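The values are calculated or read from the model by the stated rules, or taken from the named source; none is laboratory data. Everything quoted here is computed from the prediction, not taken from an experiment. Here Cβ is always computed from backbone atoms with ideal geometry, including for glycine, and neighbour counts include all displayed protein chains. With ligands, DNA and RNA removed, areas are computed over all heavy atoms of the protein, side chains included. Shrake-Rupley method; radii C 1.70, N 1.55, O 1.52, S 1.80 Å.
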Amino acid sequence: MTSLRVLFLTQYFPPEIAAAPARAAHFARALARAGHRVTVVTGIPNHPSGVKDRSVRPGRERWEQVEVRRAWLYATPRKNPWTRLWNHLSFALSALPAALAAGPVDAVLVSTPPLFVGITARLVAWVRRAPLVLDCRDDWPQAALALGEMRPGLVSGLLARVAGGLYNAAARVVCANPGMARALPGRGVDQGRVLLITNGADTEVFRPAPPPARGNGDPATILYSGTHGLIHGMDTLLDAATLLRERRDLRFVFVGDGVTKAGLEARARERRLANVEFHPSEPAERLAEWVRGADLCVATMRDHPFCENVIPVK
């Protein structure tokens, strides 16, 4: 097999903890293990807190068998549409010189959303005369429109045009869920260019093992682990915890972060739910311990037509 020089642009990458950096890490590791020379262009770790890791600076480093080039970006704990926009735009701009400095490449892989880094990758692929491979983790902005996170208008229309341009420019479009893989051909994307690679679990970390020892008085654990997003409909779990609040032998544990977490925490406080615990995102090794120690693992989805063909990351 011919060894390829692969340039991988992704705003999120370890040591960040979430679904997006985990997927990016799996892609980079698999390509390197297959014998390809992989260069990752990514940002300074700050997700999901918005606080930059002061121990990491822009520049070059090694991650396993992969060369990583860190580019500057704007980050802040204050989350609103404007700060998120500048966070995405700043990385897309600073990633361009970092990507071009990597030299000639045989393929450019980019993970979206955000869509702006896709524009950067498209430009780099054009300059280097290399094919563009687009890894779409979410159907953006269609998902935001369907779930009410974004309203139809000028901004959503522009983002839809950007997404369409990326789909048409890519030699391959990799989708993370079957719903998106089925939808793209209906938008004019050639079926032969669409691939489905769903999220998975690292079986070197998530392995069967005896659960931790527990005392007779300890409650059974109902665990939700993963992104706290609009698509996940996690209010259902709070409703269940409310109905079962008198059951001292049960506890609901939420591990992870996302746009709905603050609201979930506020509603749990309002209801005075002593049987609900919230924990931040955890490294894979620690998350595997949570899963092994749980009596029941739950993955919820909103009752919405858009969610019918979406596979949760759990």
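Of all the residues that make up the stretch 60-92, how many are of a type in the set (Phe, Trp, Tyr), outside any loop (DSSP other than H, G, I, E, B) and without any contact (Cβ under 8 Å) to a residue 40 or more places away in the chain?
2
Working only within the stretch 32-57, note down all residues that are in a helix (DSSP H, G or I) and either in contact (Cβ under 8 Å) with a residue 40 or more places away in the chain or touching a Leu at 6+ places or on another chain (Cβ under 7 Å) (or both).
Hits for the stretch 32-57: nothing passes.
Could you say which residue among ALA268, ALA284 is in contact (Cβ under 8 Å) with a residue 60 or more places away in the chain, surrounded by 13 or more Cβ atoms within 10 Å (Cβ to Cβ) and under 26 Å from the mean Cα position of the chain (by Cα)?
ALA284
Looking only at the stretch 103-117, filter to residues that are under 14 Å from ALA171 (Cα atoms) and over 15 Å from the mean Cα position of the chain (by Cα); which one of those is surrounded by the fewest Cβ atoms within 10 Å (Cβ to Cβ)?
ASP106
Only one of (1) assigned to a helix (DSSP H, G or I); (2) more than 22 Å from PRO97 (Cβ to Cβ); (3) open to solvent by 40 Å² or more (accessible area, probe 1.4 Å) fails for ASP138. Which number is that?
(1)
Among the residues in the stretch 170-177, are any free of Cβ contacts under 8 Å to residues at least 24 places away in the same chain and of a type outside the set (Phe, Trp, Tyr)?
Checked against the condition, which is being free of Cβ contacts under 8 Å to residues at least 24 places away in the same chain and of a type outside the set (Phe, Trp, Tyr), the stretch 170-177 yields no hits at all.
Output the residues belonging to the stretch 211-228 that are surrounded by fewer than 12 Cβ atoms within 10 Å (Cβ to Cβ) and touching a residue at least 12 places away in the same chain (Cβ under 8 Å).
Within the stretch 211-228, PRO212 is the sole residue that qualifies.
Determine whether GLY43 is open to solvent by less than 20 Å² (accessible area, probe 1.4 Å), modelled with pLDDT of 90 or more and either of a type in the set (Ser, Thr, Tyr) or over 18 Å from GLY200 (Cα atoms) (or both).
Criteria met by GLY43.
Where the second residue is modelled with pLDDT of 85 or more and open to solvent by less than 30 Å² (accessible area, probe 1.4 Å) and the first is in a strand (DSSP E or B) and basic (Lys, Arg) and lies in the stretch 178-200, which pairs have Cβ atoms under 8 Å and are six or more apart or on separate chains?
Close Cβ pairs (under 8 Å, with a partner that is modelled with pLDDT of 85 or more and open to solvent by less than 30 Å² (accessible area, probe 1.4 Å)) do not exist here.
Here are ARG128, ARG78, ARG60, ARG122: which of them is open to solvent by 50 Å² or more (accessible area, probe 1.4 Å), under 20 Å from the mean Cα position of the chain (by Cα) and farther than 19 Å from ALA20 by Cβ?
Going through ARG128, ARG78, ARG60, ARG122 in turn, the sole match is ARG78.
Kindly indicate the residue of the stretch 271-281 that is free of Cβ contacts under 8 Å to residues at least 60 places away in the same chain and either small (Gly, Ala, Ser) or under 16 Å from SER225 (Cβ atoms) (or both) and also least open to solvent (accessible area, probe 1.4 Å) among those meeting that condition.
For the stretch 271-281, the residue satisfying everything is VAL276.
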